[in-house]
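The values are calculated or read from the model by the stated rules, or taken from the named source; none is laboratory data. Everything numeric here is computed off the predicted structure, so don't read it as measured data. Every residue, glycine among them, receives a Cβ derived from its backbone with ideal geometry; neighbour counts consider all protein chains shown. Protein only, heavy atoms only, side chains kept; ligands, DNA and RNA dropped before computing areas. Shrake-Rupley method; radii C 1.70, N 1.55, O 1.52, S 1.80 Å.
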Amino acid sequence: MAERVVENLNQALHALLADDPALTVLGEDLVDPYGGAFKVTRGLSARWPERVLSTPLSEGGIVGVAGGLALAGQSAIVEIMFSDFVALAFDQLLNFASKSTAMYGRRVPMRLVVRCPTGGNRGYGPTHSQSPLKHFIGIPGLSVHEVSPFHDNRTVLAGMLATGRPGLLFEDKVLYTTRMYADGVVDELFRYDLIGPDADVARIRVDEEEQADCVLVVPGGLAARAVSVARELLLRDDIVCQVLVPSRLWPLDSDNLLPPIARAGRVVVAEESTAGGTWGAELAQVVHRRLWGSLRAPVRLVHSADSVIPTAAHLERTVLVQDTDIHQAVKEVVSGD
Amino acid sequence: MTATRTEAAPIAPTRLADADLDLLLLIRHFELALLDMFGRGELHGTTHTCLGQEYVPVALRPLLDDGDFVFSNHRGHGHYLARFDDPHGLLAEVMGREGAVCHGVGGSQHILRDRYLSTGVQGESAPVAAGVALHLKRTEPGRLALVYLGDGTWGEGAVYEALNMAALWGLPLLLVVENNGIAQSTPTDAQLAGSIGGRARAFGVDHLRVTSTDTEVVRAALTPVLRRVRERSTPYVVELLTHRVGPHSKGDDSRRPEEIAHARAHDWYARYAQAYPEQFGAHDERQRAYVAQVVADVAGRPASRWAEADRG
């Protein structure tokens, strides 16, 4: 059985620290025996006490320190305990780390990744459950990625650092305890492969089935839920749905996302962000502009409600995007023409 | 703070080596030339001159090594000129002309050259410099990261986060505070509770306050401080009580005439001219002419270009 996502991330960090003596990992409560709030950094400080640092509660300061290490030619990976708190580091990301790659009139590599445990469905309430990635879309010089059960995190993190462009890696907290997919197999019906020259986009589809009725594009945090919806759609509604999960959300990987969307002519983009200014809206405008002639229906967006995220489970469900919302959206898009 | 602002006129300045005097005057005339060009509509955007504060980077110049990192701020022309002696590159940057240090992308307040960096958000550089200091401590012990801050910058939380980490981790981080008594238009006593020294002490960080505007006196006071930061790998806060003779940026000085007169009374320029008229006169004229020549040269250059490959 494949490893859990949290183990994959932990092993990725072990491997990167072993590979790169210039890498520092820092954040709040990272060192052993605590090993991070979600245990992603477990065991790191025991092996590399000089390069794995627990910091004061200073998100802006920590990302600033990491930016300084990157400026000095080093690599840094920061853990923000809850992605909600990355708001406290917004200045360092918006005005320093990302801008420094270009604002001095030449390319300045900044090898810096900020990891952000993100999302709801764990009853943590309004300030510990958000998916704030949308606030980082469209910042020049800044990349945004999301962990998925299809993408090996060592490859993802090493790739992010290698670009010399600072990036955020959002990690859906619900994913941590789920298992990675391996060997191209999702279940007895679905298979997956990684497409594109950099294998950035996971494509999940019914075995050997090229033609889909609809493409469902989701960030990694929704990948398992999207697969579950695709399975339901196939079995209950006889709708063939292909799921695309890009690792890199920004800049948009249009080259790899657009061809399958064009073939299906119908697309639903689902994400957990609350309404307004979403990643999906950005993807939708690209799809509309580039594929207008091939679309059989407008791009359909599914996201959480325009609301704070309540704590109580029964209330949280009324706000966060649900599998049934995605299912319904695909059915409507497919039956609408 | 009020007491220090009403101190008696300082004693006669120390006679400076020609090189120090030249650098002070280069910075002075560079800044005056910028204001003059703005006044004539020949410059675009904004700038913040360091008139009255030139002696700070000049005093520090021989105390710094090329391997030290310097983080400057919005009021950074003096910091740059003291490090690189490159008025052509800086003016080209401000004017967006060929030969600009950063191809005209950064402008007056965003410059990166070797181990010198300036950027335009207050306090933001302090944690970045702490990160650099962490790197220096590990790989180049004996070198330091210096951050120039103003008194107004102490309103920013980033400064305290950096101080805290620098103290906890024993980082060679030197904060040089140019306390000119005014943050844009707001007097220090209206924007800073307590004192900078008290804030440093709260973190267990040493603090030294220097009131002199005499380059040699300031240098002598700072020499043991930099040695200590290097040898002990420890943060330090140096607070220089200085005087902003010019406006915050271009023509935005809303201080009362007596306040401006007070700042001018502390200006090293007039006092030095009076104390050493012969040395001063010749050097002043030479630097004035040199800057005029730099202006003529750079103004005649074509516009800077930002190549696609340099766009990040």
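Ordering of A:254-262, B:278-286 by packing is A:254-262, B:278-286, highest average first (other Cβ atoms within 10 Å, averaged per residue).
For residue A:170, the residues whose amide H sits under 5 Å from its own are A:116, A:145, A:146, A:147, ignoring neighbours fewer than 5 places away on the same chain, with H placed 1.01 Å from N.
Taking every DSSP beta bridge that has both ends in the protein assembly as shown, the antiparallel portion is near 25%. Per-residue shielding of A:72-82, expressed as the average number of other chain Cβ atoms within 10 Å of the residue Cβ, stands at 2.
Using 1/(1 + (r/R0)^6) with R0 = 30 angstrom and r between the beta carbons of residue A:211 and residue A:1, what's the FRET efficiency to the nearest 0.05?
The formula returns an efficiency of 0.40 here.
So the label point goes 7 Å from the Cα of residue A:87 along Cα→C-beta, right? Which residues of the stretch A:269-287 then have their backbone N under 17 Å from it? Answer for the stretch A:269-287: A:273-278. Residue-wise HN-Hα couplings along the stretch A:60-68, as the Karplus relation 6.51 cos²θ - 1.76 cosθ + 1.60 with θ = phi - 60° gives them from phi, are x, x, 5, 5, x, 4, 4, x, x Hz; Gly and Pro carry x. For the stretch A:190-335, the equivalent ellipsoid derived from the alpha-carbon gyration tensor has semi-axes of 23, 18, 15 Å in decreasing order. For the protein assembly as shown, the mean projected area of the C-alpha convex hull, equal to one quarter of the hull surface, is 31.6 nm². Here the stretch A:315-337 is scanned for amide nitrogen atoms under 19 Å from the site 7 Å beyond the Cα of residue A:228 along Cα-to-Cβ, giving A:315-331.
Nearest 5 percent is fine: what portion of the DSSP beta bridges confined to the stretch A:190-335 is antiparallel?
Of the beta bridges lying entirely in the stretch A:190-335, close to 50 percent run antiparallel.
Paramagnetic label reach from residue B:286 (point 7 Å along Cα→Cβ; backbone nitrogen cut-off under 17 Å): within the stretch B:80-113, residues B:85-87. Antiparallel beta bridges, as assigned by DSSP with both residues in chain B, represent about 20 percent of the total such bridges.
Protection proxy ranking for A:319-330, A:64-75, B:165-176, using the average of other Cβ atoms within 10 Å per residue and placing the highest first: A:64-75, B:165-176, A:319-330. Across chain B, Cα-Cα pairs more than 25 Å apart make up 48 percent of the total.
Based on alpha carbons, the Rg and Dmax found for the stretch B:250-312 are 19.2, 53 Å. Once all Cα-Cα distances of the stretch B:158-312 are split into 5 Å bins that start at 0, what whole-number percent is in each one? Binned Cα distances yield the sequence 2, 7, 12, 13, 13, 14, 13, 12, 10, 4, 0. Run the helix sum for chain B: -39,500 (n - 2.57) per DSSP H stretch of 4+ residues, divided by residue count, reported at 222 nm to the nearest 500 deg cm²/dmol. Theoretical 222 nm ellipticity from helices: -14500 deg cm²/dmol.
Here the spin labels are modelled as points 7 Å beyond Cα on the Cα-Cβ line, and at residue B:40 and residue B:258 they lie 3.7 nm apart.
Computed from the C-beta positions of residue B:201 and residue A:39 and an R0 of 41 Å, the FRET efficiency is 0.60 to the nearest 0.05.
Helical runs (DSSP H, four residues minimum) scored at -39500 (n - 2.57) apiece and divided by the length of chain A put the mean residue ellipticity at 222 nm at -8500 deg cm²/dmol.
Within the stretch A:5-172, all pairs of alpha-carbon atoms sorted by distance into 10 Å bins from zero give the percentages 11, 43, 38, 8, 0.
Cβ-Cβ distance of residue B:220 and residue A:255, R₀ of 45 Å, FRET efficiency by 1/(1 + (r/R0)^6): the value works out to about 0.10. Here is the interface size for A with B: some 2500 Å² of accessible area buried, both sides summed, with a 1.4 Å probe. With only the Cα atoms considered, the stretch A:155-217 has a convex hull volume of 134 Å³ per residue. Per atom type, the stretch A:121-168 shows carbon and sulfur on 54% of its accessible surface, probed at 1.4 Å.
Between residue A:313 and residue B:208, the simple spin-label model (points 7 angstrom out along Cα→Cβ) gives 6.3 nm.
Projected onto planes of every orientation and averaged, the convex hull of the alpha-carbon atoms in the stretch B:194-274 covers 7.4 nm².
Relative to the longest principal axis of the Cα atoms of chain A, helix A:223-232 runs at roughly 20 degrees.
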